[in-house]
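Read the structure below first, then the notes.
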Amino acid sequence: MTNDKRLLNRVAIVTGASSGVGRSISLAYSYQGAKVVCADLRPEPRAEAAGEVEEGPTHEVITKKGGEAIFVRCDVTKSADIQSLIKEVVAKFGRLDIMVNNAGVACPLVPVNDTSDDDFDHVMSINCRGVFLGCKYASQQMLTQEKLNENGDRGWIVNVASTFALIGMGNILPYVTSKHAVAGITKVAALDLAPHGIHVNAICPSWTETALVSAPLQSEPLKQLLTSMHPWGRLGKLTDLSGAAVLLASDDAAFMTGAFLVIDGGSIVQ
Ligand SMILES: NC(=O)c1ccc[n+]([C@@H]2O[C@H](COP(=O)([O-])OP(=O)(O)OC[C@H]3O[C@@H](n4cnc5c(N)ncnc54)[C@H](O)[C@@H]3O)[C@@H](O)[C@H]2O)c1
């Protein structure tokens with residue numbers, strides 16, 4: 001009998017798993033049969049994510065649904081945290097197959113001349129350094145593991161970038177800079193790791209309704225403006241993203257590396 005679960009028994013780490021995009025990817029991976037390690041600063045969802053707060057921590061939701069998941073506290077900006085996260089995962093599950101570098105933060109909406117040095121460093125440390133550390137230490141572990149199948153796959157790294165990895169927008173310099181850096185990390189890591197069977201790809205969502213963007217979306221005129229920039233006629237939903245993240249962690253991505261999957265309702269082709 002064949003099993004149609006696309007990530008059956010794969011071991012996946014998702015950073016920033018407590019809320020939003022990371023939470024939705026964690027739930028989708030578990031649904032596809034993966035063992036999920038939910039890594040975040042704390043297990044509780046962000047207070048701005050009302051429905052998520054009611055449901056409780058991601059790993060508990062997965063466990064209640066019959067899946068396998070644990071929470072590991074981790075600050076992605078800290079090399080020691082990422083290294084001990086990976087050690088803990090290998091000690092518990094024996095290997096690491098999938099690393100989703102998702103944890104990220106936004107920045108205040110101000111022009112370059114008013115951008116604070118601290119905001120720049122803060123956003124870069126999480127959105128850029130965090131992704132670098134995730135790629136570095138996950139791939140070190142994957143390189144020690146046997147190949148999984150005849151395609152020669154040794155692991156899948158999925159970086160959560162943004163349409164702002166590919167285009168710019170005024171007033172969010174630290175965020176756009178950090179996501180362009182994620183594009184660079186994805187390209188170079190893909191080249192470095194391709195000979196070893198490790199896929200490195202990215203998803204590029206546009207504006208998606210999560211706690212991250214709840215402040216700007218509270219302004220109805222801004223929300224309408226942003227919606228009008230999407231030919232599909234709406235902003236992104238979390239369910240729009242998880243399928244792409246599953247694809248990039250699965251055998252179906254056999255010949256994909258260094259790719260950017262844009263999930264944006266057509267906004268950046270205009
Ligand atoms: N929401 C959007 O419109 C959108 C669009 C494109 C890309 N993205 C990207 O998706 C990713 C997730 O964003 P989201 O919208 O789900 O945000 P979110 O704020 O809902 O969730 C982010 C999670 O990351 C965690 N986190 C923050 N700093 C961390 C750190 N130092 N270490 C570990 N975890 C940390 C938070 O605790 C939170 O649980 C980010 O990389 C973001 O840039 C979001």
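The values are calculated or read from the model by the stated rules, or taken from the named source; none is laboratory data. All figures in this text were calculated on a predicted structure; none of them were measured in a lab. No Cβ is skipped: glycine too gets one built from the backbone with ideal geometry, and neighbour counts run over all protein chains shown.
Of all the numbered requirements in (1) touching a residue at least 40 places away in the same chain (Cβ under 8 Å); (2) in a loop (DSSP other than H, G, I, E, B); (3) among the basic types (Lys, Arg), residue 234 misses one, and that requirement is (1).
All of 13, 82 fail the test of being in a strand (DSSP E or B) and crowded, with 23+ Cβ neighbours inside 10 Å, apart from 13.
Here residue 186 meets the list (1) modelled with pLDDT under 95; (2) within 25 Å of residue 238 (Cβ to Cβ) almost entirely, failing just condition (1).
In the set (1) among the hydroxyl-bearing types (Ser, Thr, Tyr); (2) at pLDDT below 95; (3) in contact with a helix residue (DSSP H, G or I) (Cβ under 8 Å, 6 or more places away or on another chain), the condition left unmet by residue 206 is number (2). Just for the range 36-76: of the residues that are surrounded by fewer than 23 Cβ atoms within 10 Å (Cβ to Cβ), assigned to a strand (DSSP E or B) and charged (D, E, K, R), which one is nearest to the ligand (Cβ to nearest atom)? Across the range 36-76, the extreme among qualifying residues is 73. Restricting attention to the range 206-243, and to residues there that are within 12 Å of the ligand (Cβ to nearest atom) and of a type in the set (Gly, Ala, Ser), which single residue is nearest to residue 163 (Cα to Cα)? Restricting to residues being within 12 Å of the ligand (Cβ to nearest atom) and of a type in the set (Gly, Ala, Ser), the top hit is 206.
Within the range 20-35, restricting attention to residues that are assigned to a loop (DSSP other than H, G, I, E, B) and surrounded by fewer than 24 Cβ atoms within 10 Å (Cβ to Cβ), the residue that is nearest to the ligand (Cβ to nearest atom) is 32.
Which residues, counting only those in the range 239-269, are part of a loop (DSSP other than H, G, I, E, B) and either within 23 Å of residue 96 (Cα to Cα) or at pLDDT below 95 (or both)?
248, 249, 250, 254, 255, 256, 257, 258, 259
Is there a residue in the range 142-150 that is charged (D, E, K, R) and either within 15 Å of the ligand (Cβ to nearest atom) or under 13 Å from the mean Cα position of the chain (by Cα) (or both)? Scanning the range 142-150, I find no residue that is charged (D, E, K, R) and either within 15 Å of the ligand (Cβ to nearest atom) or under 13 Å from the mean Cα position of the chain (by Cα) (or both), so the answer is no.
Restricting attention to the range 175-184, the residues being among the aliphatic types (A, V, I, L, M) and buried (at least 24 other Cβ atoms within 10 Å of the Cβ) number 1.
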